[in-house]
1. Looking at the P(r) of the stretch 66-140, how many percent of alpha-carbon pairs lie beyond 19 Å?
2. With Kirkwood's inverse mean 1/r over C-alpha pairs for Rh, give me the Rg to Rh ratio of the stretch 1-90, two decimals please.
3. Would you calculate a helix-derived [θ] at 222 nm for the chain, using -39,500 (n - 2.57) for each DSSP H run of n ≥ 4 and dividing by the full residue count, to the nearest 500?
4. Name the residue from A11, L50, G191 whose Cα lies farthest towards the positive end of the charge dipole of the chain, charges +1 on Cβ of Lys and Arg and -1 on Cβ of Asp and Glu.
5. Using the Cα centre of the chain as the reference point, and only Cβ charges (+1 on K/R, -1 on D/E), how large is the resulting charge dipole? Debye, rounded to the nearest 20.
6. So between D130 and Q177, what do we pick up on full extension, going 0.36 nm a residue minus the alpha carbon distance?
7. Check the chain and count each lysine pair with an alpha-carbon distance under 23 angstrom, considering only pairs eight or more places apart or from different chains.
8. Could you list, bin by bin from short to long, the percent of Cα-Cα pairs of the stretch 46-194 in 5 Å steps?
Amino acid sequence: MSRATATTDRASILLVDDLEDNLVALEAVLASLDEPLVRARSGEEAVQALLREPFAVILLDVRMPGMDGFETAYRIKRLDRAKDVPIIFLNGPESDSGYAFRGYATGAADFLTKPFDPWMLRAKVSVFLDLYRKNRQLERLLAREQEHLGEITDRLASIEDELRGCAPAVLHSVGKQLARIGETLDELRRGRGR
């Protein structure tokens with residue numbers, strides 16, 4: 001990854017846990033990914049962090065005082081800017097079997113039981129980081145494509161303006177061709193959902 005790409009594709013990871021030891025352990029496991037790690041000690045702090053900046057993935061403890069992980073996930077999924085951020089729930093070994101179902105029902109992308117395998121956690125987080133980067137790249141490509149389509153549309157409008165002074169027969173023939181090009185551009189725009 002080039003230095004310019006590295007700064008634009010930085011993918012922050014949100015770590016949400018009320019226990020300092022758990023946050024330190026997560027940071028130790030994920031440090032080798034060389035991505036920004038942001039801490040939140042409660043569900044409320046997590047929601048505030050998501051309002052401040054984008055994240056590639058959220059690691060969310062289920063059992064926290066006040067707003068637990070399930071309620072936090074529910075609130076996160078209601079935020080327009082964070083609703084698509086994948087959540088990996090982390091839960092202790094004493095949880096009942098319904099926790100995983102409840103986690104997936106609230107929008108979790110994955111569910112891991114503590115103590116978790118550090119290699120597995122790092123691998124899962126890496127997948128979400130790659131997806132995040134690919135989505136950012138697609139967004140940039142689509143924006144560039146829309147910009148090019150806009151330039152073509154402007155050029156066609158300029159050509160139409162110049163042709164208005166031409167003979168009617170020439171104008172009719174070229175006008176049909178320009179109209180077809182305009183229709184093709186419109187189809188491209190609609191195909192991109194814009």
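Values in this text are rule-based calculations from the coordinates and carry no lab data. Since the model is a prediction, treat every value here as computed from it, not as a measurement. Backbone-built Cβ (ideal geometry, glycine too); neighbour counts: all protein chains shown.
1. Working: 1217 of 2775 pairs.
Result: 44 percent of Cα pairs exceed 19 Å.
2. 0.98
3. Calculated from helices alone, the mean residue ellipticity at 222 nm is -19500 deg cm²/dmol.
4. So the residue furthest toward the plus end is G191.
5. Dipole magnitude for the chain comes out near 600 debye.
6. Fully extending the segment from D130 to Q177 adds 12.6 nm.
7. Summing the qualifying lysine pairs gives 6.
8. Using 5 Å bins, I get a P(r) of 2, 8, 13, 13, 12, 9, 7, 6, 6, 6, 5, 5, 4, 3, 2, 1, 0 for the stretch 46-194.
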